1. Being under 19 Å from Arg208 (Cβ atoms) and surrounded by fewer than 16 Cβ atoms within 10 Å (Cβ to Cβ) is the filter here, so list the residues in the stretch 139-154 that pass it.
2. So, of the residues in the stretch 13-35 that are modelled with pLDDT of 80 or more and of a type in the set (Asp, Glu), which turns out to be surrounded by the fewest Cβ atoms within 10 Å (Cβ to Cβ)?
3. Considering (1) of a type outside the set (S, T, N, Q); (2) over 15 Å from Cys37 (Cα atoms); (3) at pLDDT below 75, say which one Ala112 fails and leave the rest.
4. Considering only the stretch 186-267, give the strands (runs of 3 or more DSSP E) lying wholly within it that have at least 2 residues that are over 30 Å from Phe120 (Cβ atoms).
5. If we scan the stretch 57-67, do we find a residue that is under 30 Å from Glu9 (Cα atoms) and under 46 Å from the mean Cα position of the chain (by Cα)?
6. Please determine whether any residue of the stretch 296-312 is assigned to a helix (DSSP H, G or I) and modelled with pLDDT under 95.
7. Considering only the stretch 157-185, how many residues are at pLDDT 95 or above, under 19 Å from the mean Cα position of the chain (by Cα) and not in a strand (DSSP E or B)?
Amino acid sequence: MDSSAELLEALDMIRKEKGIDKEIIFEAIETSLVSACKKNFGTSQNIKVEINRETGNVQVFAQKEIVEDVYDAFLEISLEDARKIDPIFKMGDIVDIPITPKNFGRISAQTAKQVVVQKFREAERAKMYNEYAAKERDIDTGIVQRNERKNVIVSLGKLDAVLPVKEQMPGEEYKFNDRVKVYILEVKQTTKGPQVTVSRTHYELVKRLFELEVPEIYDGTVEIKSISREAGSRTKMAVYSKNPDVDAVGACVGQNGARVNVIVNELKGEKIDIINWSEDVKQFISEALSPSKVIAVEINDEEQSAKVVVPDNQLSLAIGKEGQNVRLAARLTGWKIDIKSEAQAKMTKFIDFSKSDAFLEQYEDEQADINGKDAEE
């Protein structure tokens, strides 16, 4: 089989396997052959290369412009000489004169092979990029391979992804062959192929894990309204059920905590608070400060801020260690939250309790129940 037939066969294979149009490869080979011709034969002529699409045969032409007075024989030709080639030529036309050099068949075969290999690689990279770009903002299971300058290299099957130090969970160890769920943060196309960056700290990782574990979230019955997360420590998640007969929090927790525990284990013990979302801002803020009880909430719509009063013995619980609980609640709700204990609030006239009767009555009823039980005992 000659080189022309081999070329056509190779192009057919690439078209079938990689979906690359043969015409694109023909044009790329022709462009490369122009450079190869000038490089190997040192010509200063305007070169044109044509490949016969049916036979694969290659022809080289010197392109010359028809002028009245010829000053550069490499680039120009007289009208008289041009009409010896074809009588239809007129002044200003470009004439293609065959000049295929000796040994050009060998050079063209080498060049064609290089272009085909290059296009093959480009197709592989494009296919890989498209496959992983479709997974961007989703999760995948990776296998830890090695550490490189504090970054962790994780195999996603067909390629390795980078887990940068800033996307690693604090205190989490990544040992060789460990299986970890990762969030695909970004997929970039580079000259060396697709580059994938993954995360273990992104709040969307928690969301995707719940979508995997909770059928009601996957089918849309339960909706995750917002998430705030401090990776490796604590996450707060607000959920809402479109079906009044479905308990959104219960669905996420699962029987005896089975569903949420799978996610907690995957996140190496990270605490997860699941609360009911409410369009009533006061109710939502009260829920967000769980596990602390709330006596009263007063909101300022203009400043998107809220003043919250909690029982005297729960102030530290509401604020959380180093302010974590109130900080996560603020991120979850999107409201600035200022907290005081009941005693502090009454002393400083922090809020107008009359505007928060519902919370106050609820708290007082609970206290009355507790006091009644204590008296019975």
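The values are calculated or read from the model by the stated rules, or taken from the named source; none is laboratory data. Fair warning: this is a prediction, and the values are worked out from it, not measured in the lab. All Cβ positions, glycine included, derive from the backbone under ideal geometry; neighbour counts span all protein chains shown.
1. First, the residues of the stretch 139-154 that are under 19 Å from Arg208 (Cβ atoms): 139-143, 154.
Within the stretch 139-154, Thr141, Ile143 qualify.
2. Result: Glu23.
3. Result: Ala112 fails condition (2) only.
4. On the way: elements: 193-199, 222-230, 234-241.
In the stretch 186-267, 222-230, 234-241 are the strands (runs of 3 or more DSSP E) which contain 2 or more residues that are over 30 Å from Phe120 (Cβ atoms).
5. Yes, the stretch 57-67 contains at least one residue that is under 30 Å from Glu9 (Cα atoms) and under 46 Å from the mean Cα position of the chain (by Cα).
6. Going residue by residue through the stretch 296-312, those that are assigned to a helix (DSSP H, G or I) are 312.
Subsequent filtering for residues that are modelled with pLDDT under 95 retains 312.
Looking for residues that are assigned to a helix (DSSP H, G or I) and modelled with pLDDT under 95, one finds at least one in the stretch 296-312, hence yes.
7. 6
The rows are residues; the columns are (1) at pLDDT below 95; (2) surrounded by 15 or more Cβ atoms within 10 Å (Cβ to Cβ); (3) over 17 Å from Leu205 (Cβ atoms); (4) among the aliphatic types (A, V, I, L, M).
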site	(1), (2), (3), (4)
Val246	no, no, yes, yes
Cys252	no, yes, no, no
Ile263	no, yes, no, yes
Glu266	no, yes, no, no
Asp273	no, yes, no, no
Trp277	no, yes, yes, no
Phe284	no, yes, yes, no
